1. At 0.36 nm per residue, minus the direct Cα-Cα distance, what do residue 447 and residue 120 gain on full extension? Give it in nm, one decimal, please.
2. Counting only protein heavy atoms and using a 1.4 Å probe, what share of the accessible area of the chain belongs to carbon plus sulfur, as a whole percent?
3. Pop a pseudo-label 7 angstrom from the Cα along the beta-carbon direction at both residue 247 and residue 394 and give the gap in nm to one decimal.
4. Going by average Cβ neighbours within 10 Å, how do the peptides 272-280, 137-145 rank, with the highest at the top?
5. Can you classify the chain as rounded, prolate or oblate using the Cα gyration tensor, where a ≥ b ≥ c are the square roots of its eigenvalues, rounded means a/c under 1.5, and otherwise it's prolate if a/b beats b/c and oblate if not?
6. Compute the relative contact order of the chain as a whole-number percentage, counting only Cα pairs closer than 8 Å that sit 6 or more residues apart in sequence.
7. Indicate the gyration tensor shape class of region 30-176 (rounded, prolate or oblate), computed on the Cα atoms with a ≥ b ≥ c the square roots of the eigenvalues: a/c under 1.5 is rounded; otherwise a/b larger than b/c is prolate and the rest oblate.
8. Helix hunt in the chain: which complete DSSP H runs extend at least 27 Å axially by C-alpha with mean Kyte-Doolittle at least -1.0?
Amino acid sequence: MSHLPRCELGVMGLAVMGRNLALNAAEKGIPTAVWNRDEGEVADALAGEAADWPIVPTGPIETFIGALARPRRIYMLVKAGGPVDEMLDRVLPALDPGDIVMDGGNSHFRDTLRRAERARRFQVRFLGVGTSGGEEGARHGPALMFGGESDAHRLVAPVLEKIAARGPHGPCFGRVGGDGAGHFVKMVHNGIEYGDMQLIAESMDLLRRGLGYPDPELGRVFRDLSAGRHGGFLVDLTAQILQVKDQKTGGLQLDRVLDEAGQKGTGRWTSEIALELSMPVSILHAALEGRGVSGLRSLRAGYSLPRPPVMARFSADPGFERDLDQALYLGRAAGLAQGLSLCTAASREWKLGIDLPETLRVWTAGCILRSRLLDELLPSAPEMASSDHPLLANAFRILVTRHLDSLRRVVGRAVAWAVPVPALSAALALLDTLRSAKLPQSLIQAQRDSFGAHGLHLVDEPGAPLAHLGWNP
């Protein structure tokens, strides 16, 4: 378009996410300049949709920067890692003090902390913005988790709030903390997502393999879950998947999908950080291991144990369906609580200043985790933030009291049927551990003290230095 004012937003990188975000902004009336490493792909990426929208393709990076109003607001959507540093090498020297560069990719939060310090040497603000919702969210409204200085938030909010998803709790763009917080929160979001997906998959497997539910009944159960309090992106999507028939076989299209699940790194990062901080995220660990084991096809095919029994014929079990509803809800809530507790611990360790209530609010629309579960727990977010662990908040206590017996029955049935449920089992073990007045780790400490003289603390001497006891009878 001609005679455009200086652009309010610049988007670097026109792969699927960058292209969709740029189109989203331009459609909302935000004059947007776009740049891509391969200049020949710029026109192709925007062909068709953007003819009447305020979007400006640019060539050299100097032209791109010159098209932006000050303070410049640049949103990078390039591959995480080296490409981000490469873009900063090109952009930072060309910017003016006070300009803002945002990284909307899945960068590691430690990289974001380092890049923010580097940008300050140019008097430029570098912000990590966790971007959730996939390509559809980028196009029509993502959830945006901003980490950085509050004055930079004030400058980018008028633009980013327009392109973010909108839910009952406002635009899903918010400052979730200081440097690094946006990418940390997005990393944990993805870790919770791993656990959620595993819990849902295990629930389907129990109905199908354990009780022999045929495809129509399986679809009905998940449509009921979707229509009820489980409603949200992942359960709704599952109900949809379970309705898609394969044109070749007439069965579910799902059955043509190889049962090997991969992962792109953010779940692993979450697990690694949790281990570093000694914070339990057992449901996420179980989900990661479930994906890992799924790839061991030769081991699974050649294992010598007899196959588990298969139900001879289907018989609906409304009681089990009710238990599964409650067990899945409690498992998902426990996975969420573990992720939030990791945010709190990391915020203390690295001074990220993570705002849990704002984080939960941003997650209520536009992102993969959006669900009625989040809507139910959002009013309790301030109490979660002030508790030693989110599971100590009253809302979680109520869920545990109401649903723990159902979770135990579901896991028990799974064991009897030889249907593996690592994430549901992890949720049950977590809750049983938390309510145990005495744990067997005292024996582990005795073993460590015996063979390695590591020392230990004594029940009757609280606060005393490490002791070393004799263990030879």
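1. Working it through step by step, the gained length comes to 112.7 nm.
2. Carbon-and-sulfur percentage of accessible area, whole number: 54.
3. With each label placed 7 Å out from Cα toward Cβ, I get 5.6 nm.
4. Order by mean packing, descending: 137-145, 272-280.
5. Numbers: a/c = 2.12, a/b = 1.38, b/c = 1.53.
Since a/c reaches 1.5 but b/c is at least a/b, the shape of the chain is classed as oblate.
6. 14 percent
7. rounded
8. On the way: long enough: 181-205 (36 Å, -0.05); 318-350 (48 Å, -0.10); 394-417 (34 Å, 0.22).
Membrane-span-like by this rule: 181-205, 318-350, 394-417.
The values are calculated or read from the model by the stated rules, or taken from the named source; none is laboratory data. Since we're looking at a predicted model, the values are computed, not measured. Every residue, glycine among them, receives a Cβ derived from its backbone with ideal geometry; neighbour counts consider all protein chains shown. Each accessible area value is taken on the protein alone, full model and side chains, heavy atoms only, with ligands, DNA and RNA left out. Shrake-Rupley method; radii C 1.70, N 1.55, O 1.52, S 1.80 Å.
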